[in-house]
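Data block below; observations after.
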């Protein structure tokens, strides 16, 4: 089956709101084996919305619209969809009662008249209860086509989709899409794709889709199958082949696991503590680690030693080292990482010092030059890296690279 998504709202077109609904719906539909061929965003304009719905109904089996079901005059989705399908509207008593109940729960007694607009329902429609808001969802079937209307607020849309739309769509859908994620770090996108070009050229079912992120490449292996178990069996040999080709560059095969979560788990398993000492990344590395729940068990301190004075006072970097080699140097990175480990009695330490730009670079030390120090239980490695891009991109790439370097050292411990 083929679905098409239409997001409704001028605020989406103007960039005032990020369209998270389309991404959410696409993921959920893909997991159900329903293909999404087109997505569109339409402002609060009846004629343009009508044309978008007509086009979608003509080329898709399922059309899902999100947004435009509210009480204001510019909420036009329901009325426009009903017009396209030739349905009259009526005031649904049960929907009115649910709106009253919602306002009672939030202690609102003065219900304005325009709220009853949300209880206007197209004839012969299935009404979907909204447990997080006032606007009900709607499903209409017409000559083998299905049009689904969902509210715009993500907390309302997602709950309604899970509770009502998924069971509705699954009743006639006998196949599922099963997918597995393989996450690679430390190998660039072009090289990673080259390493599996033969697999991608020969793919039928399952398929391999690469996704590039800063410092990482993720591969989603997806199989269309009769059941979850059958899908697992189809995907398993492909995952095995990727593991053989990428080796320890793969840090997880679980979609929900991030690189920082993997490192925290490794440190906990080994009973090791950690400290970070950052200059050009300005705490970005520590911030990623602190995002992980339970990190307090292993994380002792995150130091941002941007100025030379801070490097001397907080990490014990020698004045003569800074004078002779400069703040961005292998020698400074070494004294930073060792000083952090010693002063905070940590088993593991990472230091970062570099030039993020766009100013500050020289011919000898260009923008993008970064030194990363990694210390694990007496073992020390200093890495010289050269990154390109904007200031933010260099800082982000440095952070991911530092995490991956310490991960690889932990593999041998």
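Could you count how many residues in segment 245-263 are farther than 12 Å from residue 218 by Cβ and surrounded by 23 or more Cβ atoms within 10 Å (Cβ to Cβ)?
Number of matching residues: 1.
From (1) touching a residue at least 60 places away in the same chain (Cβ under 8 Å); (2) in contact with a strand residue (DSSP E or B) (Cβ under 7 Å, 6 or more places away or on another chain); (3) buried (at least 22 other Cβ atoms within 10 Å of the Cβ), pick out the condition that doesn't hold for residue 56.
That leaves (1) as the condition not met.
Kindly indicate the residue of segment 300-342 that is in contact (Cβ under 8 Å) with a residue 40 or more places away in the chain and surrounded by fewer than 18 Cβ atoms within 10 Å (Cβ to Cβ) and also farthest from residue 267 (Cα to Cα) among those meeting that condition.
Among them, the one singled out is 330.
Does residue 239 satisfy being assigned by TED's automatic domain parsing to the domain that holds residue 336 and closer than 23 Å to residue 181 by Cβ?
Working: assigned by TED's automatic domain parsing to the domain that holds residue 336: no; closer than 23 Å to residue 181 by Cβ: yes.
Answer is no for this residue.
Could you tell me whether any residue of segment 112-123 is part of a loop (DSSP other than H, G, I, E, B), surrounded by fewer than 16 Cβ atoms within 10 Å (Cβ to Cβ), in the same structural domain as residue 151 (by TED's automatic domain parsing) and modelled with pLDDT of 95 or more? Can you show your working first?
First, pick out the residues of segment 112-123 that are part of a loop (DSSP other than H, G, I, E, B): 112, 123.
With the extra rule that they be surrounded by fewer than 16 Cβ atoms within 10 Å (Cβ to Cβ), the set shrinks to 112, 123.
Imposing the further condition that a residue be in the same structural domain as residue 151 (by TED's automatic domain parsing) reduces the set to 112, 123.
Adding the requirement that they be modelled with pLDDT of 95 or more leaves 123.
Yes - at least one qualifying residue is present in segment 112-123.
Being in contact (Cβ under 8 Å) with a residue 24 or more places away in the chain and assigned to a helix (DSSP H, G or I) is the filter; apply it to segment 246-261 and report the residue that is nearest to residue 199 (Cα to Cα).
246
List the strands (runs of 3 or more DSSP E) that sit entirely inside segment 262-364 and contain at least 1 residues that are assigned by TED's automatic domain parsing to the domain that holds residue 403 and over 22 Å from residue 408 (Cα atoms). Lay out the reasoning, then the answer.
Details: elements: 274-278, 299-304, 348-354.
Correct list: 299-304.
When the residues of segment 191-229 are narrowed to those that are touching a residue at least 24 places away in the same chain (Cβ under 8 Å) and exposed (fewer than 15 other Cβ atoms within 10 Å of the Cβ), which ends up nearest to the chain's Cα centre (by Cα)?
Out of the qualifying residues, it is 214.
Would a scan of segment 31-43 turn up a residue that is without any contact (Cβ under 8 Å) to a residue 24 or more places away in the chain and over 14 Å from residue 150 (Cβ atoms)? Reasoning before the result, please.
Kept after step one, since they are without any contact (Cβ under 8 Å) to a residue 24 or more places away in the chain, are these residues of segment 31-43: none.
Scanning segment 31-43, I find no residue that is without any contact (Cβ under 8 Å) to a residue 24 or more places away in the chain and over 14 Å from residue 150 (Cβ atoms), so the answer is no.
What is the one condition in (1) over 22 Å from residue 29 (Cα atoms); (2) assigned to a strand (DSSP E or B) that residue 198 does not satisfy?
Condition not satisfied by residue 198: (2).
Going by the conditions given, is residue 188 surrounded by fewer than 22 Cβ atoms within 10 Å (Cβ to Cβ) and in contact (Cβ under 8 Å) with a residue 24 or more places away in the chain?
Details: surrounded by fewer than 22 Cβ atoms within 10 Å (Cβ to Cβ): yes; in contact (Cβ under 8 Å) with a residue 24 or more places away in the chain: yes.
In short, yes.
Looking at 12, 49, can you tell me which residue is part of a helix (DSSP H, G or I) and either under 25 Å from residue 169 (Cα atoms) or not assigned by TED's automatic domain parsing to the domain that holds residue 152 (or both)? Talk me through it step by step, then tell me what you get.
Numbers: 12 fails: either under 25 Å from residue 169 (Cα atoms) or not assigned by TED's automatic domain parsing to the domain that holds residue 152 (or both).
Among 12, 49, only 49 is part of a helix (DSSP H, G or I) and either under 25 Å from residue 169 (Cα atoms) or not assigned by TED's automatic domain parsing to the domain that holds residue 152 (or both).
Test of understanding: among 285, 272, which residue is within 30 Å of residue 335 (Cα to Cα), surrounded by 20 or more Cβ atoms within 10 Å (Cβ to Cβ) and at pLDDT 95 or above?
Values: 272 fails: surrounded by 20 or more Cβ atoms within 10 Å (Cβ to Cβ).
After applying the criteria, what remains is 285.
Please verify whether residue 81 is buried (at least 17 other Cβ atoms within 10 Å of the Cβ) and farther than 26 Å from residue 29 by Cα, treating the condition exactly as stated.
On the way: buried (at least 17 other Cβ atoms within 10 Å of the Cβ): yes; farther than 26 Å from residue 29 by Cα: no.
It is false that residue 81 is buried (at least 17 other Cβ atoms within 10 Å of the Cβ) and farther than 26 Å from residue 29 by Cα.
Among residues belonging to segment 125-161 that are in a helix (DSSP H, G or I) and touching a residue at least 40 places away in the same chain (Cβ under 8 Å), point out the one that is farthest from residue 18 (Cα to Cα). Write out each step before concluding.
Looking only at segment 125-161, we keep the residues that are in a helix (DSSP H, G or I), and these are 154-161.
Then keep just the ones that are touching a residue at least 40 places away in the same chain (Cβ under 8 Å); that gives 154, 157-158, 161.
Details: 154: 11, 157: 15, 158: 15, 161: 19 Å.
Step by step, filter segment 125-161, then rank; the result is 161.
The values are calculated or read from the model by the stated rules, or taken from the named source; none is laboratory data. Model, not experiment: these values are computed from the prediction. Methodologically, a virtual Cβ is constructed for each residue, glycine included, from the backbone with ideal geometry; neighbour enumeration extends over all protein chains shown.
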